[in-house]
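J.: What follows is a structure written as structure tokens; I'll ask about it next.
The values are calculated or read from the model by the stated rules, or taken from the named source; none is laboratory data. This one's a predicted model, so the numbers in the text were calculated from it and none came from an experiment. Every residue, glycine as well, gets a Cβ built from its backbone with ideal geometry; the counts of neighbours run over all protein chains shown. Accessible surface is based on the protein model in full, side chains and every heavy atom, while ligands, DNA and RNA are left aside. Shrake-Rupley method; radii C 1.70, N 1.55, O 1.52, S 1.80 Å.
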Amino acid sequence: MTGTILGASDIGRALTRIAHEILERNEGHEDIVLLGIPTRGVPLAHRLAANIAEVEPGFDAKQRTGSLDITMYRDDLRSQPTRTIGATTLPPEGIDGKVVVLVDDVFHTGRTIRAALDAIKDEGRPAAVQLAVLVDRGHRELPIRADFVGKNIPTSRSERVDVHLTETGDGEDAVTLTGGRA
């Protein structure tokens with residue numbers, strides 16, 4: 001099976017809904033910071049921040065968004081090809097005492113998020129950590145769940161979910177599913 005699961009308007013609606021859910025869960029924007037997990041989590045975090053700023057004029061999207069490089073915290077470093085270490089950029093106020101919303105594109109086994117949690121503890125001590133993902137495809141290997149999900153897409157292990165974003169040079173906004181059951 002191959003095909004587009006979400007188009008640009010679907011992604012936009014999902015991110016708008018997630019932004020509202022973040023605000024509702026946290027009773028406003030006062031302590032929220034968003035940290036995107038490279039590569040596609042970073043532009044998604046910026047889009048979520050922009051959506052929050054539309055609803056909450058006091059929320060400074062640029063000052064409350066950053067990125068969290070998890071390369072050195074991954075549990076597959078020995079088995080994967082050499083990876084380039086990226087930059088972690090925290091909001092100017094840091095993350096101590098803040099509600100950190102981790103943002104990623106596809107939630108799968110949970111190992112990326114486990115690495116992100118390890119990386120966060122080296123950067124500060126947030127009041128809480130929440131997880132927002134565009135797509136949850138299942139197949140968890142660790143007891144981690146997302147707080148905010150754009151779309152649940154049940155998949156087989158042989159299928160691949162790809163998120164395409166204009167900010168990363170993909171040329172379009174879309175979520176595609178490839179591979180699959182024989």
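J.: (1) 10.6; (2) 16.4; (3) 12.0: which one is mean projected area of the Cα convex hull in nm² as calculated from this entry?
T.: Given (1) 10.6; (2) 16.4; (3) 12.0, the structure-derived one carries the label (1).
J.: Tell me the trypsin sites (Lys or Arg not before Pro) within the stretch 70-146 that lie in a loop according to DSSP and have at most 13 other beta-carbon atoms within 10 Å.
T.: Arg78, Arg83, Arg145
J.: Given the -39500 (n - 2.57) contribution per DSSP H run of 4+ residues, what per-residue ellipticity at 222 nm results for the chain, rounded to the nearest 500 deg cm²/dmol?
T.: -8000 deg cm²/dmol
J.: Treating cross-link reach as a plain straight distance, find the lysines whose alpha-carbon is under 26 Å from the alpha-carbon of Lys121, omitting any fewer than eight places away in the same chain.
T.: Lys121 reaches Lys62, Lys98.
J.: Work out the FRET efficiency for Asp96 and Ser158 from their Cβ-Cβ distance, taking R0 = 45 Å, and round it to the nearest 0.05.
T.: 0.55
J.: Using 1/(1 + (r/R0)^6) with R0 = 41 angstrom and r between the beta carbons of Arg78 and Ala8, what's the FRET efficiency to the nearest 0.05?
T.: After rounding, the FRET efficiency stands at 0.60.
J.: Counting only protein heavy atoms and using a 1.4 Å probe, what share of the accessible area of the stretch 1-86 belongs to carbon plus sulfur, as a whole percent?
T.: Roughly 49 percent of what the probe reaches on the stretch 1-86 is carbon or sulfur.
J.: Taking the solvent-accessible surface of protein heavy atoms with a 1.4 Å probe, what is the per residue accessible area of the chain in Å²?
T.: For the chain, the per-residue accessible area is 50 Å².
J.: Pick out, from Ile95, Thr84, Leu68, the residue whose Cα sits farthest towards the positive end of the charge dipole of the stretch 48-124, with +1 on the Cβ of Lys and Arg and -1 on the Cβ of Asp and Glu.
T.: The one lying farthest along the dipole's positive direction is Thr84.
J.: Using alpha carbon centroids, what distance separates the stretch 1-71 and the stretch 95-152, in Å?
T.: Value for the Cα centre distance between the two parts: 13 Å.
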